[in-house]
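Read through the structure below, which is laid out as structure tokens, and then see the notes.
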Amino acid sequence: MDTPSAPTRRLLLTGAAASIVASSLSVTNPATAQGRRATPAPETVSLPDGIRPEGITSGPGTRFYVGSLADGRIVAGDLLTGTWSTLLAGSAGRQIRGLFWDSRTNLVWAAGNVGSVGHVWAVNGTTGAVVQDTIVPGAVFLNDLVVTTDTVWVTDSRIVPDRLTAIALTPGGAPTGAAPTFVPLGGDWPAGDGTAVNANGIRALADGSLILNNSRVGGLWQVDPATGDASEIPVSGGPGITAGDGLELDGSTLYNVRGSGQNEVSVLELVPVGSTWVARWRGARSDETLDVPSTATLAGGWLWAVNARFGVASPGTASYWITRLPAR
């Protein structure tokens, strides 16, 4: 276990709606809205040196999980105490990107690869036991994932033609052991070229459709999971969504990591309009401790962004951490 000193931090609110966002923090914080006060928490949580983190998820409570691009390990800990230990040991050639904890089963679903082979793992969130290891034929760059009632949906950021990977679950969320199936992305979806990162973050909307971002061309996209047809979600206000990595959804509030800046998290409000959605810019979170964040999770009334530090010198020995940000 390691708890080195945390970086100093200074919170910034950026974007045209910064003053609106700042005032909304005391009004619409999810913890306050539920009659609870956000628990005091550290400003940053340190991770193992050299871990090269990418994905983060949390639950129950303030327990967190972070995956490694260096060796595919998963570390688990508590965001309030700032401590961690290894849940799943690393393995040569393995990389883990997206993570998603399912409260029904206490399974941490992880997307990544071993060498050139794509995998999706279901890992017991307490013991670290691998409950299911699904090999995804033809996968190129499995990236993010979300768990719905009966399916694990996974983006593949460099596959041509673009597709979503679907892994079937029982009604209670347990793995079925069935082979993965695929849904091609179509409609207005901007087709990838197999080189640049295309489909990236993914979450499930209240109407059963999926929301994706696109790292290459920007924008937010509503996807019909039955057909794969995609339509762009209009964004009003702000600088627009120009890129994007991980997505996090809390009711109607969407957090898009690096959606409009290298070291910030964009905040948007989703509004249903008939069978479609529109998004309204609500500002962005930034902080002096953010260093190319990749994904974020909500826990304890706060938003926690993991810093991937892409491009840092000597990534195999560099320090890494999670940054605490205000929610809403």
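The values are calculated or read from the model by the stated rules, or taken from the named source; none is laboratory data. Computed from a predicted structure; not experimentally measured. Cβ atoms come from the backbone with ideal geometry, glycine included; neighbour counts cover every protein chain shown. Surface accessibility is based on the protein's heavy atoms, side chains included, excluding ligands, DNA and RNA. Shrake-Rupley method; radii C 1.70, N 1.55, O 1.52, S 1.80 Å.
Looking at the stretch 264-273, can you tell me whether even one residue there is closer than 27 Å to ARG52 by Cβ, open to solvent by 40 Å² or more (accessible area, probe 1.4 Å), touching a Lys or Arg at 6+ places or on another chain (Cβ under 8 Å) and not acidic (Asp, Glu)?
As a first pass, look at the stretch 264-273 and keep what is closer than 27 Å to ARG52 by Cβ: 264-267.
Checking the rest, the ones that are also open to solvent by 40 Å² or more (accessible area, probe 1.4 Å) come to none.
Scanning the stretch 264-273, I find no residue that is closer than 27 Å to ARG52 by Cβ, open to solvent by 40 Å² or more (accessible area, probe 1.4 Å), touching a Lys or Arg at 6+ places or on another chain (Cβ under 8 Å) and not acidic (Asp, Glu), so the answer is no.
Does THR295 qualify as being open to solvent by less than 20 Å² (accessible area, probe 1.4 Å), assigned to a strand (DSSP E or B) and in contact (Cβ under 8 Å) with a residue 60 or more places away in the chain? Give the steps one after another, and end with the answer.
Numbers: open to solvent by less than 20 Å² (accessible area, probe 1.4 Å): yes; assigned to a strand (DSSP E or B): yes; in contact (Cβ under 8 Å) with a residue 60 or more places away in the chain: yes.
Against the criterion (open to solvent by less than 20 Å² (accessible area, probe 1.4 Å), assigned to a strand (DSSP E or B) and in contact (Cβ under 8 Å) with a residue 60 or more places away in the chain), THR295 qualifies.
Give the residue, chosen from GLY93, GLY125, GLY98, GLY115, that is modelled with pLDDT of 95 or more, within 30 Å of GLY316 (Cα to Cα) and touching a Pro at 6+ places or on another chain (Cβ under 9 Å). Talk me through it step by step, then tell me what you get.
Numbers: GLY93 fails: touching a Pro at 6+ places or on another chain (Cβ under 9 Å); GLY98 fails: touching a Pro at 6+ places or on another chain (Cβ under 9 Å); GLY115 fails: touching a Pro at 6+ places or on another chain (Cβ under 9 Å).
Checking each option against the conditions leaves just GLY125.
Going by the structure shown, is VAL45 within 20 Å of ASP144 (Cα to Cα) and open to solvent by less than 10 Å² (accessible area, probe 1.4 Å)?
Numbers: within 20 Å of ASP144 (Cα to Cα): no; open to solvent by less than 10 Å² (accessible area, probe 1.4 Å): yes.
The answer is no for VAL45.
Look at GLY72 and say whether it is buried (at least 20 other Cβ atoms within 10 Å of the Cβ) and not in a strand (DSSP E or B).
Values: buried (at least 20 other Cβ atoms within 10 Å of the Cβ): yes; not in a strand (DSSP E or B): yes.
Spelling it out, GLY72 is indeed buried (at least 20 other Cβ atoms within 10 Å of the Cβ) and not in a strand (DSSP E or B).
Counting only residues that are open to solvent by less than 10 Å² (accessible area, probe 1.4 Å) and either closer than 19 Å to ASP49 by Cβ or in contact with a Lys or Arg (Cβ under 6 Å, 6 or more places away or on another chain) (or both), how many does the stretch 280-289 have? Give the derivation first.
Let us first name the residues in the stretch 280-289 that are open to solvent by less than 10 Å² (accessible area, probe 1.4 Å), namely 283-285, 287, 289.
From what is left, the residues that are either closer than 19 Å to ASP49 by Cβ or in contact with a Lys or Arg (Cβ under 6 Å, 6 or more places away or on another chain) (or both) are 287, 289.
So the count comes out to 2.
Matching residues to (1) over 15 Å from the mean Cα position of the chain (by Cα); (2) crowded, with 23+ Cβ neighbours inside 10 Å; (3) aliphatic (A, V, I, L, M); (4) outside any loop (DSSP other than H, G, I, E, B):
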{"position": "VAL108", "(1), (2), (3), (4)": "no, yes, yes, yes"}
{"position": "ASN113", "(1), (2), (3), (4)": "yes, no, no, yes"}
{"position": "ALA122", "(1), (2), (3), (4)": "yes, yes, yes, yes"}
{"position": "THR126", "(1), (2), (3), (4)": "yes, no, no, no"}
{"position": "ASP133", "(1), (2), (3), (4)": "yes, no, no, yes"}
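For residues in the stretch 174-208 being crowded, with 19+ Cβ neighbours inside 10 Å and under 17 Å from ASN256 (Cβ atoms), which is farthest from the chain's Cα centre (by Cα)?
Here the answer is ASN198.
Mind checking which residues of the stretch 136-146 are open to solvent by 20 Å² or more (accessible area, probe 1.4 Å) and either without any contact (Cβ under 8 Å) to a residue 12 or more places away in the chain or of a type in the set (Val, Ile, Thr) (or both)?
If we filter the stretch 136-146 for residues that are open to solvent by 20 Å² or more (accessible area, probe 1.4 Å), which is where we start, we get 137-138, 140-141.
Of everything in the stretch 136-146, just one residue is open to solvent by 20 Å² or more (accessible area, probe 1.4 Å) and either without any contact (Cβ under 8 Å) to a residue 12 or more places away in the chain or of a type in the set (Val, Ile, Thr) (or both), namely VAL140.
Condition check: under 17 Å from the mean Cα position of the chain (by Cα), within 19 Å of THR149 (Cα to Cα) and among the small types (Gly, Ala, Ser). Does ALA226 satisfy that?
Numbers: under 17 Å from the mean Cα position of the chain (by Cα): no; within 19 Å of THR149 (Cα to Cα): yes; among the small types (Gly, Ala, Ser): yes.
It is false that ALA226 is under 17 Å from the mean Cα position of the chain (by Cα), within 19 Å of THR149 (Cα to Cα) and among the small types (Gly, Ala, Ser).
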